[in-house]
Amino acid sequence: MVASDLRRWAMQCVDQANDSRSSHEERERLMKIREGLLALADNQDWLNGRVANVSEEASNILSIDFGKPRQV
């Protein structure tokens, strides 16, 4: 998977969402897909050793300390 392709697909989602023929539900769906594609692109960059654009979700996952039990 190539991060640049994922980002290009995310931009295509924005273009489709901005189309006046798209319904409100379709716009929301496309914007969720866009966010997912951008997160995947950031994570792919991270996997390739490019840390600068790691998504917030990935940062949260990476900061989890698995050594301490959770307090319930």
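The values are calculated or read from the model by the stated rules, or taken from the named source; none is laboratory data. In this text the structure is predicted, and so the values were computed from the model without any measurement. Positions of Cβ are generated from backbone atoms using ideal geometry, with glycine treated the same way; all protein chains shown enter the neighbour counts.
Are there helices (runs of 4 or more DSSP H) fully within the chain with at least 1 residues that are surrounded by fewer than 11 Cβ atoms within 10 Å (Cβ to Cβ) and at pLDDT below 85? List them.
Values: elements: 3-17, 24-47, 56-62.
Passing ranges, in order: 56-62.
Can you list residue pairs whose Cβ atoms sit under 6 Å apart, with the first residue in the stretch 7-31 being in contact (Cβ under 8 Å) with a residue 60 or more places away in the chain and the second being surrounded by fewer than 14 Cβ atoms within 10 Å (Cβ to Cβ) and among the charged types (D, E, K, R)? Count only pairs 6 or more apart in sequence or on different chains.
none
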